[in-house]
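Peer 1: Below are the structure tokens for one structure; questions will follow.
The values are calculated or read from the model by the stated rules, or taken from the named source; none is laboratory data. Since we're looking at a predicted model, the values are computed, not measured. In this analysis, Cβ positions are derived from the backbone assuming ideal geometry, glycine residues included, and neighbour counts consider all displayed protein chains. Accessible surface areas use protein heavy atoms only, side chains included; no ligands, DNA or RNA. Shrake-Rupley method; radii C 1.70, N 1.55, O 1.52, S 1.80 Å.
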Number of protein chains: 2
Amino acid sequence: MDYTFHETMRIPYAAMRDWTQKLYMAVGMNEHDAWICADTAVMADARGVYSHGCMRTPIYCNRIMQGGTSASAQPSIEKERVATAIVDGHNAMGQVVAVYAMKIAIEKARQCGTASVSIKRGNHFGTCAYFAEMAVREDMIGFAWTNGGPVMAPWGGRERQLGNNPFAIALPCGKKRSIVLDMAQSVVARGKVVMAMKTKTPIPDTWALDTEGCPTTDPVAGYWGTVRPSGDYKGSGLSILVSMISSILPGAAIGATLVDLYEQLAVPFNAGQLLQVIDISAMTDLEEFKDRMDDYVEYLKNGKKAKGFTEIFVPGELEHIMYEKQMKEGVEYPLEIIQEYHALCEKLGVEKMA
Amino acid sequence: MDYTFHETMRIPYAAMRDWTQKLYMAVGMNEHDAWICADTAVMADARGVYSHGCMRTPIYCNRIMQGGTSASAQPSIEKERVATAIVDGHNAMGQVVAVYAMKIAIEKARQCGTASVSIKRGNHFGTCAYFAEMAVREDMIGFAWTNGGPVMAPWGGRERQLGNNPFAIALPCGKKRSIVLDMAQSVVARGKVVMAMKTKTPIPDTWALDTEGCPTTDPVAGYWGTVRPSGDYKGSGLSILVSMISSILPGAAIGATLVDLYEQLAVPFNAGQLLQVIDISAMTDLEEFKDRMDDYVEYLKNGKKAKGFTEIFVPGELEHIMYEKQMKEGVEYPLEIIQEYHALCEKLGVEKMA
């Protein structure tokens, strides 16, 4: 939402997805799996969540080429009960594993009313929202929790022991747009501290701690230190809990055993995730539920505004609005991403975009 | 944890529970239900969470006497599937309804691997942790989400449209103490703003917004305004989502239809809650899971400390330590609470404590 691009071009959603799909196929993925990786990326961009979109295609492809992630592996169920499963990702792309696992969760929730599916030997999977929203399209409530690479200290600490460990919860509305909360546990992404360091701009003291564990306005000190958890001990506690339910439960990597996505290209990540689904119709009348959701959204949006605000936005609304705009006008891309795609095309023998 | 009592006395856990149970029986509850209300209250106190302990007994008893809450109603299942249920609390005490609902969730998780139980026509139920920990004692993971009375504005607003909507997630360890995160979505409880107003102490500008929706250090302005969400838009978003999954799902009160617990003593609250359980053994080997939990807690606690900190505490640890101390020494109570109990004893014809 707050990215400032200097030179950009707009590319239609489907064109960018097709192009991205071809890149993934060129590194060995089948058409179906490559489509998933492409769609999750372009969807993130279309919603303005560029940090989790096509800018990651080069690193994901690199990891496949270096052997850190498998292009051809297929996830499978390791163990299941009627409303649960543990999915072994066999080191396939995280998006492929999570779509597979979410489909199982939805099917089980349809039968049982609710389901929980754990993922082990998965990978970084892009935005949590994408998978939570798969449930919404089936008139269900979706939850997606994931562990991430270490960027944050636990409250009282000064070492990067925790990821910012995002999760998403999504629910359908009736006439209104669906509600999707997708949040990480740090005040800002580490990328913002990196950007401030590059542009030599001081940072708010709420963003990062230095290597002594003290708040700092110096982006260099913050870069070598840790990003601060949102709400201090609350964000720290939530991050710890998310890592436990997403990674300790299935036996995925956690803490000291986590791999650096960008540095250890040849080493499997063993990401863990937890997906949960509740079938709304198991609890209540679906249409009544949707009416109640619409009414509540209306109630919140009609609240009196704080000084300096002209509108109250509900979770996911800004991303939906951005998506609708970009579906009409094309998805805006900074030229740097297009140039990286062209470089990747040359390397892989894929046709460049006209 | 940060309560300062002037004059206190220590009362053994069981004695305070028995006394509290008698008070609830005197307002018409049966022995079993009164025990639940007493145990949840004394447990909160023993852990240092005094805001949700016996200091609420007078208001809960008053609500029963005024007809706002039913002493004799028994919760029932309205609708169920193999892994879900919706429980109608019939306006019984929230603690009674939630214990009933959590037992169902545990039993269903034992059979299906996971379960979700929604509560409607419930009441304020004390701490979320109590119910999440019921799952932990069965070697399961417990989640408890609840909607609360309006104290907070949504991000961009200035009206009390949201509760601070706490939730708890709890997991068992092996040799270590279990992990329990129980957090509300405001930076501080509204009670802290009230206390600062009484003592005429300025408040940090992170605690509250005035009636214009601007941060304030004036506790009176904060009292008439709203408490601030933790992490601004993050806490606001999380609060909205918790209210949706806990109250819109089962059709409980939300937004403008919420009753003031302290002012509308004769009006049923219609609280909504969501309880979720995952049976660990459905996903992984239980002993291996516990070993992994122990190792991770050890890893976090061994992290280098930030300046000014001598120890890193994991979620729930401080409450467990306080509980262990108070089980040995007796639970510390401010004389005000004991005096309120004595007044209630006189009113109800219950024997006072020696």
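Peer 1: Let me cross-check A:W35: its accessible surface, 1.4 Å probe, with only protein heavy atoms counted, in Å² to the nearest 10?
Peer 2: Approximately 100 Å² for this residue.
Peer 1: Oh, and also: What is the gain in length, in nm to one decimal, between B:R177 and B:D285 on full extension, counting 0.36 nm per residue of separation less the C-alpha to C-alpha distance?
Peer 2: 37.0 nm
Peer 1: Further, regarding this structure: Applying a 10 Å radius around every beta-carbon, put A:137-148, A:202-213, A:79-90 in order of their mean neighbour count, most first.
Peer 2: Final packing ranking: A:137-148, A:79-90, A:202-213.
Peer 1: So if R0 is 35 Å, what FRET efficiency would A:N302 and A:V194 give, r being the distance between their Cβ atoms, rounded to the nearest 0.05?
Peer 2: Taking R0 as 35 Å, the efficiency between A:N302 and A:V194 is 0.30.
Peer 1: Calculate the length of the line joining the C-alpha centroid of region A:189-261 to that of region B:149-168, in whole Å.
Peer 2: Cα centroid of region A:189-261 versus Cα centroid of region B:149-168: 27 Å apart.
Peer 1: May I have the extent of the alpha carbons of region B:72-198 along their three principal axes, as whole Å values ordered from largest to smallest?
Peer 2: Over region B:72-198, Cα extents along the principal axes are 50, 40, 31 Å.
Peer 1: Run the dipole for region B:166-261 about the Cα centre, Lys and Arg Cβ at +1, Asp and Glu Cβ at -1, nothing else charged, and hand back the magnitude in debye, nearest 20. Walk me through the intermediate numbers first.
Peer 2: Numbers: 9 positive and 7 negative charges, 123 e Å.
With only Lys, Arg, Asp and Glu charged at Cβ, the dipole is about 600 debye.
Peer 1: Return the carbon/sulfur percentage of the accessible area of region A:83-235, one whole number, probe 1.4 Å, all protein chains in place.
Peer 2: Carbon and sulfur atoms account for 55 percent of the accessible area of region A:83-235.
Peer 1: Continuing with the same structure: Quick one: of the DSSP bridges fully inside the protein assembly as shown, what percent are antiparallel, nearest 5?
Peer 2: Close to 85 percent.
Peer 1: A:T310 to B:V82: FRET efficiency via 1/(1 + (r/R0)^6), r the Cβ-Cβ distance, R0 60 Å, to the nearest 0.05?
Peer 2: With a Förster radius of 60 Å, E is 0.80.
Peer 1: Here is a further query. Set the Förster distance to 41 Å, then compute FRET efficiency between A:K328 and B:K103 from the Cβ-Cβ distance, nearest 0.05.
Peer 2: Computed FRET efficiency for A:K328 and B:K103: 0.20.
Peer 1: So the label point sits 7 Å from Cα along the Cα-to-Cβ vector; using that for A:V220, what distances do you get to the other copies, in nanometres, sorted shortest first?
Peer 2: So the label point of A:V220 gives 4.9 nm to the other copies.
Peer 1: Short version: what are the Cα gyration tensor semi-axes of chain B, square root of 5 times each eigenvalue, largest first, in whole Å?
Peer 2: Value: 28, 26, 24 Å, ordered largest first.
Peer 1: Amide H neighbours of A:T114 under 5 Å, at least 5 residues apart or on other chains, H built in the peptide plane: list them.
Peer 2: Those qualifying (amide H under 5 Å, at least 5 residues apart or on another chain) are A:D279, B:A83.
Peer 1: Which trypsin sites (Lys or Arg not before Pro) from region A:256-332 combine a DSSP loop assignment with at most 12 other Cβ atoms within 10 Å?
Peer 2: Answer by residue number: A:K307.
Peer 1: Moving on to the next point. Which Cα, out of B:G191, B:T206, B:G174, lies furthest along the positive dipole direction of region B:151-220 (beta carbon charges, K/R +1, D/E -1)?
Peer 2: Towards the positive end, the residue furthest out is B:G174.
Peer 1: Sticking with this structure for a sec: Loop only per DSSP, at most 13 neighbouring Cβ atoms within 10 Å: give me the GluC sites (Glu not before Pro) in region A:275-354, ordered by residue number.
Peer 2: Listed in order of number, the matching sites are A:E311, A:E351.
Peer 1: Still on this model: Jot down the per residue volume, in cubic angstrom and as a whole number, of the convex hull over the alpha-carbon atoms of region B:178-221.
Peer 2: Looking at region B:178-221, the number lands at 84 Å³ per residue.
Peer 1: Just in region B:146-182: which trypsin sites (Lys or Arg not before Pro) are loop by DSSP and have at most 13 other Cβ atoms within 10 Å?
Peer 2: B:K175
Peer 1: Hey, another quick one. Measure off 7 Å from each Cα along the Cα-to-Cβ vector at B:W224 and A:S72, then give the distance between these two points in nanometres to one decimal.
Peer 2: 7.3 nm
Peer 1: For B:T69, list long-range residues whose amide hydrogen, built 1.01 Å from N in the peptide plane, is under 5 Å from its own amide hydrogen.
Peer 2: Here B:I64 satisfy the definition.
Peer 1: Shortest first, in nm, what separates the label point of A:E263 from those of the same position in the other copies (7 Å along Cα→Cβ)?
Peer 2: When each copy's label point is compared with this one, the spacings are 5.6 nm.
Peer 1: My understanding is that a pair violates if its Cα-Cα distance is over 19 Å; which of A:K176/A:K290; A:K198/A:K234; A:K234/B:K325; A:K103/B:K120; B:K22/B:K120; A:K234/B:K192 do that in this structure?
Peer 2: A:K198/A:K234; A:K234/B:K325; A:K103/B:K120; B:K22/B:K120
Peer 1: Further, regarding this structure: Just need the relative contact order of chain B here, percent rounded to a whole number, with Cα pairs under 8 Å and 6+ apart.
Peer 2: Details: 771 pairs, mean separation 76.9, N = 354.
Computed value for chain B: 22 percent relative contact order.
Peer 1: Tabulate in residue order the Karplus-calculated ³J(HN,Hα) for region B:279-285, using 6.51 cos²θ - 1.76 cosθ + 1.60 with θ = phi - 60°, rounded to whole Hz; enter x for Gly and Pro.
Peer 2: 7, 4, 5, 6, 9, 7, 5
Peer 1: What do you get when you divide the Cα radius of gyration of the protein assembly as shown by 2.2 N^0.38 Å, with N the number of residues?
Peer 2: Numbers: Rg = 25.4 Å, N = 708, 2.2 N^0.38 = 26.6 Å.
It is 0.95.
Peer 1: Same structure, new question: Where both partners of a DSSP beta bridge lie in region A:76-167, what percent of those bridges are antiparallel, to the nearest 5?
Peer 2: Percentage antiparallel, nearest 5: 60.
Peer 1: Copy-to-copy spacing for A:D232, label 7 Å out on the Cα-to-C-beta vector, in nm, shortest first?
Peer 2: Here the equivalent label points are 1.8 nm apart from this one.
Peer 1: Okay, moving on. On the full set of protein chains, 1.4 Å probe, figure out the accessible area of B:Y233 and give it in Å² to the nearest 10.
Peer 2: In the full protein context, B:Y233 sits at about 130 Å².
Peer 1: While we're here: Give the A-B buried accessible area in Å², both sides summed, 1.4 Å probe, nearest 100.
Peer 2: Its buried surface, counting both partners, is about 7000 Å².
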